[in-house]
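Report on the structure given below.
The values are calculated or read from the model by the stated rules, or taken from the named source; none is laboratory data. Model, not experiment: these values are computed from the prediction. Because the Cβ atoms are built from the backbone with ideal geometry, glycine has one as well, and the counts that use them run over all protein chains shown. Just so you know, the surface numbers come from the protein's heavy atoms only, side chains and all, with ligands and any DNA or RNA stripped out. Shrake-Rupley method; radii C 1.70, N 1.55, O 1.52, S 1.80 Å.
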Amino acid sequence: AAAPASLLALTLALRTLNCFLVQTSFVPDEYWQSLEVAHRMVFNWSLSVLNIHNYGYLTWEWTSNLRGYSYPLIFASMYKALQLLAKDNVQLLIWVPRLAQAVLAAFADVKLYSLVQHLENSETAKFVFFCQLCSWFTWYSCTRTLTNTMETILTIFALSYYPIKGSKMANSCKYLALVALAIIIRPTAVIPWMPLVFSHFLQEQRKADLILHNCIPVGLVTVGTSLIIDRVFFGEWVLVQLNFLKFNVLQNLGTFYGSHPWHWYLTQGLPVVLGPHLPFFIHGCALAPRRLRILLLALIWTLLVYSTLSHKEFRFIYPVLPFCMIFCGYSLRYLKAWRKTAASFLLLSNLVPALYTGLVHQRGTLDVMSHIQQLCNHSQQSQAFVFILMPCHSTPFYSHVHCPLKMRFLQCPPDLTGNASYVDEADVFYSNPLGWLNKEFYNDTLLPSHLILFNVLEQEISSFLALRGYEKTATVFHTHVPQGRVGSHISIYRRKTEMNY
């Protein structure tokens, strides 16, 4: 039996609520690798008629052909539809992609339920589904416009057609197509699927058929489509997936963004992402049937491969979190006497981090955008110039402003030429903020009308602010745990000598 419609309705309602209860920023990629690119694809062209060519910004990954346009194209089509309906106001541009992601997440949750229902029974499915909905990290991530989120959703869909022993929904073509799509969107999706596809190949009787009639056609269609999409937008033939793997895996240049010890995923990554589910996951691994060991193998393999790369992030292992939820569900099913206590514990202990990370932690960089949006409503928009003096890509950009306002932020592309003494603009600025500002704005006519900065910087550049006539107009809360260049609050300064608007 398929999952009941009432279950889907409930999940859609919950994920919609989830979407609106996540008002914080996680990592720059959720805007810079999706919405900013989509916004530029749709709106830059419509303004080039007015000779405004800088309406939008592409990060270095795009100028170095490391990212493909297939994923941003999904959001670009939403933006295009809103534009054609003359409904492209900034709030809809922000929330429509998020809501679309929430709807997909809801369908994925129900797919996970159906999968376990087919493999086991409705009771086990119910507990897996409960664990999935309780997960604080899923709540925090599943409505964000991150490639990792789409990779996770596609992994759940693919898993529901994957031939696990006892699966009644197995379909090689469907699962391979979904895996291929995940790899197109985020090439690292190949990692968790390597042991799964290899295991399928080993147990398949008609191996040649599987390769000739499924793998090759699916591969050709997806890679071909991706190549054509990228050809249209890059203007040349590019195999971005290869570039991406070469950069992140072979050259390991991701270290530019920080490196972690080899054991990080085992000692911090997985325990944090699992959160209160951790003891249930360990318990479930011991109880789950043998045929599910392939999922455990895929999880261990993924952690091992990612552990060899020096740049590590929580979101990288998000796609294998649903695997963990299946094991947590088995644990709950067997905890007969303690089940109610365990379920209540899971619900309450996940609620606090879910609400705190979704509503409080790191919300300032999004809240500050509404202050910038207000500059669009004034006739002086043409004179406004906003400079974001924060670690680069701290805030979204035009996708959250949606008017051709002059804006600038500190740049930080890595050096791809092998120059040992290379220092990016943001690092140069932070090494001597006052000196940098005085040098950059030696002439008063060049000064920005508005400066946006973390409060940790205020003391250091106070003389520049006073001398150039800046006054603080707003303070926005950001986080309770400021670190390094990131302060607890964001300050907005406006230049007094300008006509006050």
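If you go through the range 319-371 and keep only what is within 27 Å of R485 (Cα to Cα), under 21 Å from the mean Cα position of the chain (by Cα) and not aliphatic (A, V, I, L, M), you end up with P353, Y356, T357, G358, H361, Q362, R363, G364, T365, D367. Of all residues in the range 17-30, exactly one satisfies the criterion of being part of a helix (DSSP H, G or I), open to solvent by 10 Å² or more (accessible area, probe 1.4 Å) and touching a Phe, Trp or Tyr at 6+ places or on another chain (Cβ under 9 Å), namely F20.
Condition test on T445, is it open to solvent by 50 Å² or more (accessible area, probe 1.4 Å), closer than 26 Å to L359 by Cβ and not in a loop (DSSP other than H, G, I, E, B)? Spelling it out, it is not the case that T445 is open to solvent by 50 Å² or more (accessible area, probe 1.4 Å), closer than 26 Å to L359 by Cβ and not in a loop (DSSP other than H, G, I, E, B). Scanning for something outside the structural domain of F247 (by the TED database), small (G, A, S) and closer than 19 Å to V22 by Cβ, does the range 370-377 turn up at least one residue? Checked the range 370-377: at least one residue is outside the structural domain of F247 (by the TED database), small (G, A, S) and closer than 19 Å to V22 by Cβ.
Scanning the range 412-429 for residues that are crowded, with 17+ Cβ neighbours inside 10 Å and either in contact with a strand residue (DSSP E or B) (Cβ under 9 Å, 6 or more places away or on another chain) or outside any loop (DSSP other than H, G, I, E, B) (or both) gives A426, F429.
In the range 164-178 there is at least one residue that is of a type in the set (S, T, Y) and modelled with pLDDT under 90.
Consider the range 64-112 and keep the residues that are without any contact (Cβ under 8 Å) to a residue 12 or more places away in the chain and polar (S, T, N, Q). The one that is surrounded by the fewest Cβ atoms within 10 Å (Cβ to Cβ) is Q91. Residue-level check: of (1) closer than 18 Å to W32 by Cα; (2) of a type outside the set (A, V, I, L, M, F, W, C); (3) out of contact with any Leu (no Cβ under 6 Å at 6 or more places or on another chain), S399 misses just (3).
Could you tell me whether any residue of the range 304-312 is at pLDDT below 95, open to solvent by 20 Å² or more (accessible area, probe 1.4 Å), touching a helix residue (DSSP H, G or I) at 6+ places or on another chain (Cβ under 6 Å) and within 30 Å of T395 (Cβ to Cβ)? Among the residues of the range 304-312, at least one is at pLDDT below 95, open to solvent by 20 Å² or more (accessible area, probe 1.4 Å), touching a helix residue (DSSP H, G or I) at 6+ places or on another chain (Cβ under 6 Å) and within 30 Å of T395 (Cβ to Cβ), which makes the answer yes. Just one residue in the set G284, G275, G329 is in the same structural domain as N121 (by the TED database), at positive phi and open to solvent by less than 70 Å² (accessible area, probe 1.4 Å); that residue is G275. Yes or no: the range 161-168 includes at least one residue that is buried (at least 20 other Cβ atoms within 10 Å of the Cβ) and among the aromatic types (F, W, Y). Yes: the range 161-168 contains one or more residues that are buried (at least 20 other Cβ atoms within 10 Å of the Cβ) and among the aromatic types (F, W, Y).
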